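A short worksheet on the structure shown next.
The values are calculated or read from the model by the stated rules, or taken from the named source; none is laboratory data. Predicted model, so just to flag it, every value in this text is computed and none were measured. We place every Cβ from the backbone using ideal geometry, glycine too, and count neighbours over all the protein chains shown. The protein model used for the area step is the full one, side chains on, heavy atoms only, and it has no ligands, DNA or RNA in it. Shrake-Rupley method; radii C 1.70, N 1.55, O 1.52, S 1.80 Å.
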Amino acid sequence: MPKAIKKVAVLTSGGDSPGMNAAIRSVVRTCAYHDIECVGVYRGYEGLIEGDFKSMDARSVKGIINKGGTILKSARSKEFRTVEGRQKAFKQLTKAEIDGLVVVGGDGSFTGALIFNQEFDFPVMGIPGTIDNDIYGTSHTLGFDTALNTVVDAIDKIRDTASSHNRLFFVEVMGRDVGHIALNTGIAGGAEEILIPEEDLGLDRLVDSLNRSRKSGKTSSIVIVAEGDKIGKNIFELKDYVDENMEGYDVRVSVLGHMQRGGAPSCFDRVLASRMGVKAVESLLEGETNYMVGLLDNKVELTPLEKAIKGKSKINLELLRVSDIMST
Ligand code: ATP
């Protein structure tokens with residue numbers, strides 16, 4: 001019989017994403033609903049090692065559902081990667097009489113949580129919080145939907161200036177390993193081409209495609225480039241290549257950068273975070289451990305952390321085809 005859970009801790013780790021606050025709120029309120037104690041851990045695993053804890057009740061999380069970032073702060077901890085660091089964290093948790101941990105973060109944070117469980121048999125539950133949507137076992141990570149809306153808003157604005165000056169814009173969006181943000185925002189923002197890590201379009205095809213769209217009467221163009229695009233050239237090298245190989249376009253570059261991580265979470269992310277927080281706490285109470293909470297077929301389901309870490313999040317191939325047809 002697993003030990004009954006009476007006190008749960010929650011932390012946010014790795015890169016922040018919109019919706020993390022809504023997830024903290026949900027974890028805290030689900031604990032209050034079930035009449036168990038809840039503790040917020042500041043600065044991810046760093047705060048876990050140092051015992052930087054704060055008791056939280058339903059009222060401590062008022063007014064945060066609409067806020068970007070994370071009130072608990074996030075951090076990357078080198079020390080937690082060592083056995084000594086994790087031993088210190090275990091001592092802090094034991095001292096505070098905490099018997100379950102919810103980790104909101106990406107696959108690195110989940111790897112740390114899984115190792116921690118294996119070493120100390122401490123119950124852990126993961127909530128995927130990252131804008132890249134690069135985690136297996138959920139159709140959406142927290143913050144992905146908000147980031148899409150932020151990027152589409154930026155593309156719309158860039159298009160205004162692109163069309164006023166007959167310009168070609170390369171717009172770089174986040175996504176080192178997966179092209180979810182590029183593919184979705186490229187379609188939604190009416191991009192002429194979308195360069196993603198999963199597919200090598202090739203430089204010649206890119207130039208051909210831009211030439212074709214110009215012949216068809218387009219005077220300005222937008223190309224969305226994921227950070228890790230498979231062509232392997234950074235956005236400035238792409239600009240140089242097109243400058244050298246195409247005439248008649250004024251080529252510009254826009255790197256959207258960290259603004260993609262900020263802002264108030266969308267309605268979708270707030271609802272998702274609320275659902276995930278409830279599932280994470282209730283699963284711990286039912287004696288489950290080493291799972292990630294995710295959205296699958298619009299149901300909140302558990303995926304073993306090990307699978308979530310090792311599995312690969314795949315782009316939707318139908319979207320690739322739609323994007324090809326739309327750029328005709
Ligand atoms: P993002 O997707 O935003 O990068 P992430 O959770 O993958 O988020 P990481 O920096 O990879 O971010 O991991 C966050 C923290 O998790 C690390 O700083 C470290 O403390 C812990 N961690 C990652 N990998 C391990 C590991 N192999 N062993 C122990 N702890 C780890």
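A few points about this structure:
- The numbered conditions (1) open to solvent by 30 Å² or more (accessible area, probe 1.4 Å); (2) under 21 Å from the mean Cα position of the chain (by Cα) are all true for Met276 except (1).
- Hey, Gly129 within 13 Å of the ligand (Cβ to nearest atom) and within 23 Å of Val271 (Cβ to Cβ) or not: yes
- The residue that is farthest from the chain's Cα centre (by Cα), among those in segment 164-176 that are among the charged types (D, E, K, R) and open to solvent by less than 50 Å² (accessible area, probe 1.4 Å), is Arg167.
- Evaluation of Asp121 against the conditions (1) at pLDDT 95 or above; (2) open to solvent by 10 Å² or more (accessible area, probe 1.4 Å); (3) within 16 Å of the ligand (Cβ to nearest atom) shows that the sole unmet condition is (3).
- When Arg76 is tested against (1) closer than 29 Å to Gly189 by Cα; (2) near the ligand (Cβ under 10 Å from one of its atoms); (3) basic (Lys, Arg), only condition (1) is not met.
- Applying the criterion of being at pLDDT 95 or above and more than 16 Å from the chain's Cα centre (by Cα) to the residues of segment 177-200, the residue that is surrounded by the most Cβ atoms within 10 Å (Cβ to Cβ) is Gly186.
- Within segment 303-316, considering residues that are assigned to a loop (DSSP other than H, G, I, E, B) and open to solvent by 50 Å² or more (accessible area, probe 1.4 Å), the one farthest from Lys6 (Cα to Cα): Asn316
- Failed criterion for Thr161 (all others in (1) touching a residue at least 40 places away in the same chain (Cβ under 8 Å); (2) open to solvent by 30 Å² or more (accessible area, probe 1.4 Å) hold): (1)
- Matching option when the condition is of a type in the set (A, V, I, L, M, F, W, C) and either in contact with a Ser or Thr (Cβ under 7 Å, 6 or more places away or on another chain) or farther than 18 Å from Arg321 by Cβ (or both), among Ile196, Ile155: Ile155
- Some residue of segment 44-63 being small (Gly, Ala, Ser) and in contact with a Pro (Cβ under 8 Å, 6 or more places away or on another chain): no
- Residue ID - farthest from Val171 (Cα to Cα), chosen from residues in segment 251-262 that are surrounded by fewer than 18 Cβ atoms within 10 Å (Cβ to Cβ) and over 13 Å from the mean Cα position of the chain (by Cα): Met259
- Elements of type strands (runs of 3 or more DSSP E) in segment 4-108, at least 3 residues being surrounded by 17 or more Cβ atoms within 10 Å (Cβ to Cβ): 7-12, 37-41, 100-105
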